[in-house]
Structure formats: structure tokens, C-alpha cells
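Only one structure is covered here, and it is reproduced in the block below.
The values are calculated or read from the model by the stated rules, or taken from the named source; none is laboratory data. Quick caveat: nothing in here was measured; it's all calculated off a predicted structure. No Cβ is skipped: glycine too gets one built from the backbone with ideal geometry, and neighbour counts run over all protein chains shown. Heads up: the accessible areas ignore ligands, DNA and RNA and are worked out on the full protein's heavy atoms, side chains in. Shrake-Rupley method; radii C 1.70, N 1.55, O 1.52, S 1.80 Å.
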Amino acid sequence: MAQRPSIPKGTRDFGPQIMVKRNFIFETIRNVFKRYGYQPIETPAMENLTTLLGKYGDEGDKLLFRILNSGDFLSGIDTNAADFQSGNIASSISEKGLRYDLTVPFARFVVQYRNDISFPFKRYQIQPVWRADRPQKGRYREFYQCDADVVGSNSLLNEAELVQIVDDVFGQLKIQTVVKINNRKILAGIASYIGSPDSLTDITIAIDKLDKIGIENVNRELEERGISAKSIQLLQPILFMTGNSREKINALEGLIGTTEIGAKGLEEVKTLFDYLDSMNLNLSYELDLTLARGLNYYTGAIFEVKALNVSIGSVCGGGRYDDLTGIFGLPDVSGVGISFGADRIYDVMSELNLFPEKTSESTFALFVNFGKEEEKYCLPYLRTLRQAGINSEIFPEADKMKKQLRYADQKNIPVVILAGEEEVKNKQFTVKWMQSGEQQTIQAEKLVELLTH
RNA sequence: GUGGUUGUAGCUCAGUUGGUUAGAGCAUCAGAUUGUGGUUCUGAGGGUCGCGGGUUCGAAUCCCGUCUUCCACCCCA
């Protein structure tokens, strides 16, 4: 009754060759995080739904994977009731869900361990998250996020530092990127300026589509969403705004600078750009008013990093959240963070052929196995090589040499060490360099020396 | 969640208006070669034609459902 094995939609297996590359990405990001003084934490794959629900907006709630309660999950539920529908009983039969991102679990963590944490707290976290989205290229249902966050500090220096981290990471990975920067307070200022403070989300969604569908369609959509003609009129100069980041900021001051929240947002952005301008970054960064970012909890700066020259969208995103911990009972702790999408970074690097050839994770030397006596002869030297930090192995059975060399060839092992009857008798090894095919016979005690040079 | 798309050997793909026992290349394994891989030659194994149902004398081929893939919308890493 063997059935064809498979894995759920939108999930993937990773073989050894792929894992070497994935680990390269993880290690690069992890090392940068450490360099900036961030400390690691991990949280469970599943959280209580009360922790997760309502943090990501209606769309986000729909994309949460829910975990069915164990045991008789229908006990206590009237299956004959008139309102017996999935929507109504969902909360009764499921109380846990897979995490949707790392930021919300982190906020929960901070509140829960507030007495053990000294602020500002800088943490990094590299773990998978799950979204019940419809998969596409660069969009998976299980993927890794690499997050760095600072909580307990309002300073915009943190925002600047995160951009620096982005610069370091993508610099090391050799990916060309642009950081799009916006500020929720500016968006709120725009909404307030045009007299529709409650329509902030409608307006930002509409602005976001400007490039795609054009000004007329955007205006029509705003109208359909119930924005008044006067508001739309006031919005036009903002939609048509051109120039570089500084010019846009200056232009905005004459418009939304009159609103309290808009003025605050502009001031924050100016400060951030001042910091960034003094940092000698390699990547480019720009104010992008069309950047809205759906996550509900952002209140200040928002970032999105796009890789240049590829079809895949954003590879990194983040922003400031002033009251995420407040939801869990710890008010007045502001945080700001950034999240690298490892899987998309992988896709970008694949597409652009950016992975380095060399990998330190594979085997360097293989002892060919000629039989029981020869095995015994090799084992102490195998141990010595390993202790010297050389990745090495012995073929586990005395198969044909052809097969053993083939194994080395396919595993890309550069060095093969042969010890047959002759070598054992003379306390020697024959070392074969696979790439050139050259081989040399040396005294056994010279083996480590030869291979470490 | 809405609309479209894809699925034949491990991989990339052929497969005639519906017609015998579904093919090729690459990969795998074995041999040529008992201490030498990549090249070459010879041979072999490997298929519930995504899955389930229907139409038909007969289905990889036509119809319906379902799963999966990719794409657009939505949203996002």
C-alpha cells in the first residue's frame, strides 16, 4: 500500500547542495547581527491564537495557520445548531496557530520576560514562519525570517543602524539593493491634511498602486472607496510629487507640515536621512511615499528593501512599532526592527548567480577503503586529520576503487588518500588530487602537514 | 479568497483525429577495466501517464471533480 510521498503545498525539502547555500545566507546575516550587538532568542513554532489574532489586520488573520485542538475537538459543540459553520466554531476547536512573523512573538516574549530583560534590548531571531497564502514564485507557505529588533529605545539612531545592517548584509551577499523608506506619521499626516483622517489605509493602498494603474484609476478607486472629491483634489499635488528624497520632504512641509502628525513624521524622516547621509553607505535609499506596508502595528518609520535587476520583490522589510508590547500589557515600550527573507534572498542569489563556488562544509579528504587491515591502518590518521580541522571521511566498505573514486568525484572531494598493501607495508600514503589527477606517495607522518598547506 | 495555468521514468521532454506491449536524451546500476573518478562503448533496471470518477468496444489523449505547479489580483519576506 505504498503511496507516493509528498509534502504540503508551498513547503519545500532542501537537499545538501541547497543547504550549503542556505547556510551561507543564514551565517552571513547572523554574523552581521552579532557584529551590531544583537543577541539570539527563539520562540515556539506555535503560539496561542490570542497572541496572534488581530495583529496583522483582517488579511493577516485569514492567512494564519490554525492548529486543531487535540482529542475530541467537537466535544461541547452543538453540531446541529443553526450557526454550525466553520467561521463560528473556529475559535472553539482551535486555540493555537503557527506564527505568522517573528515580531509579534518577540513582543510577547518581551512582555513576558520584562523583568529579566534590560533595555534597550537588541535581539535577533532566525526561524521559520508560516502563512496560508497561495504560493507563487518567491512566495512560500513556510519560509525563514531573520529578524533584528531593538525595543525600549525611541532613538532614530536605531533606525539608522538597521539600515546599516541592511547595507552590510547585502554588501556581503553582493546583492544590489535599494532601501525604500517611509513613515506612517507622514501617511497619517497626508490623510489628516486632505481631511480624511479615518481613510488612512484606503489612501495608502491607493497611493501604492500609482505606478501600476496610473493616476486616473487611483482617483477613481479613491472615489469608489468613499473619499470626497475635495480630499482627492488636495491629494493631487502629493501624488504628482517629483524630485529626490530631500526635495520631496521640503515640498511636503508646505502641505502636511501644517498637521501635527505630519510635521512629526517629516522631522523623523529628516533626522533619519541626516544619519544615513553621514554613514557612507553603499546601497541607495530613498523616501518612497507609495510604501505603505500592510502590517497594522507600524507607527513610525517603515522600510522595504528591493533587490535590483530581478523579478522577485522585496527581500527585507521592517519598521517601528510604538505599542506592540502595549497590547500584551506593557505600554510605552517602543520597538523597531527589520526582517530579512532568507528564501527570497536565496532566489535572488540563484537568479543572479551570486553564490560563491567554495564551500567549507563539504568533505576535503577521503580515505579509500581497501579492506580490514588497511582500514585499521587509516583510522588513526583519519582521527588526526579531523583533529587538525580537516573535514575528512573514510569510505565505509571495501568497494571497488572505481566506485569509491566516483563517490569522491560526485561529492566534490578534492583529495583522496590511498593506502593499500604497499603503503601499509612502507608506512606511507598515496595522496591523489582529484582536480588535476596528480598523485604523490609520502611517508604517513607527513600527511597532516601536506594537507594543511 | 477570486480568475487562469501546469502535471507522462529520478530530471528535461516526445507521444498522430481516441487504437496493439507509452518513447527519447540525461541521470542511475552493471560490465568492458581485480589499485584509479570525470571521457568512451555495451547492456540493464525504472512508468498507479498527479489522483478519483465519467463517456467509449477502446482513454496519456475527451468530460467532471480534486491535488500540485506557475501566473495575475489581493497581500507580503
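Computed quantities for the displayed model
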read-out: Residue in segment A:296-312 that is at pLDDT below 95, more than 15 Å from RNA strand B (Cβ to nearest atom), acidic (D, E) and within 30 Å of A:L239 (Cα to Cα) present; value: no
read-out: Filtered residues of segment A:393-402 (kept if exposed (fewer than 12 other Cβ atoms within 10 Å of the Cβ) and within 9 Å of RNA strand B (Cβ to nearest atom)); value: A:K400, A:K402
read-out: Output for segment A:274-318, where each listed residue is touching a Phe, Trp or Tyr at 6+ places or on another chain (Cβ under 7 Å), under 20 Å from A:D202 (Cα atoms) and not aliphatic (A, V, I, L, M); value: A:N296, A:Y297, A:Y298, A:T299
read-out: Of all residues in segment A:269-295 being under 17 Å from A:G335 (Cα atoms) and not β-branched (V, I, T), the one that is farthest from RNA strand B (Cβ to nearest atom); value: A:L272
read-out: Selected residue (criterion: surrounded by the most Cβ atoms within 10 Å (Cβ to Cβ)) from residues of segment A:212-253 that are more than 23 Å from A:L266 (Cα to Cα) and within 31 Å of the chain's Cα centre (by Cα); value: A:I213
read-out: Count of residues meeting criterion [touching a Lys or Arg at 6+ places or on another chain (Cβ under 8 Å) and either assigned by TED's automatic domain parsing to the domain that holds A:I205 or assigned to a loop (DSSP other than H, G, I, E, B) (or both)] in segment A:308-324; value: 4
read-out: Helices (runs of 4 or more DSSP H) contained entirely in segment A:1-85, each with at least 2 residues that are surrounded by fewer than 12 Cβ atoms within 10 Å (Cβ to Cβ); value: A:16-35, A:57-62
read-out: Any chance A:V431 is among the β-branched types (V, I, T), in contact (Cβ under 8 Å) with a residue 40 or more places away in the chain and in the same structural domain as A:L379 (by TED's automatic domain parsing); value: no
read-out: Unique match (being assigned to a loop (DSSP other than H, G, I, E, B), among the β-branched types (V, I, T) and within 9 Å of RNA strand B (Cβ to nearest atom)) among A:I413, A:I390; value: A:I413
read-out: Some residue of segment A:345-363 being open to solvent by 10 Å² or more (accessible area, probe 1.4 Å), outside any helix (DSSP H, G or I), touching a strand residue (DSSP E or B) at 6+ places or on another chain (Cβ under 8 Å) and away from RNA strand B (no atom under 12 Å from the Cβ); value: yes
read-out: Matching entry among A:V129, A:V163, A:V169 (being over 22 Å from A:I41 (Cβ atoms) and within 16 Å of RNA strand B (Cβ to nearest atom)); value: A:V163
read-out: Meets criteria (of a type outside the set (S, T, N, Q), at pLDDT 95 or above, assigned to a helix (DSSP H, G or I) and surrounded by 12 or more Cβ atoms within 10 Å (Cβ to Cβ)) for A:L382; value: yes
read-out: Qualifying position, being modelled with pLDDT of 95 or more, within 16 Å of RNA strand B (Cβ to nearest atom) and either over 28 Å from A:W130 (Cα atoms) or touching a Ser or Thr at 6+ places or on another chain (Cβ under 8 Å) (or both), among A:G335, A:G317; value: A:G335
read-out: Residue in segment A:440-450 that is within 12 Å of RNA strand B (Cβ to nearest atom), exposed (fewer than 15 other Cβ atoms within 10 Å of the Cβ) and not β-branched (V, I, T) present; value: yes
read-out: Residues that are within 18 Å of A:L162 (Cα to Cα) and either among the acidic types (D, E) or buried (at least 20 other Cβ atoms within 10 Å of the Cβ) (or both), drawn from segment A:108-125; value: A:F121, A:R123, A:Y124, A:Q125
read-out: Output for segment A:416-426, where each listed residue is more than 8 Å from RNA strand B (Cβ to nearest atom) and either open to solvent by 100 Å² or more (accessible area, probe 1.4 Å) or in contact (Cβ under 8 Å) with a residue 60 or more places away in the chain (or both); value: A:K425
read-out: Candidates A:L156, A:L200, A:L173 - the one that is open to solvent by 20 Å² or more (accessible area, probe 1.4 Å), in contact with a Leu (Cβ under 7 Å, 6 or more places away or on another chain) and more than 21 Å from A:F273 (Cβ to Cβ); value: A:L200
read-out: Residue in segment A:244-252 that is of a type in the set (A, V, I, L, M), farther than 15 Å from A:I205 by Cα and free of Cβ contacts under 8 Å to residues at least 40 places away in the same chain present; value: yes
read-out: Qualifying position, being within 11 Å of A:A365 (Cβ to Cβ) and either in contact with a Pro (Cβ under 6 Å, 6 or more places away or on another chain) or without any contact (Cβ under 8 Å) to a residue 40 or more places away in the chain (or both), among A:I442, A:I394; value: A:I394
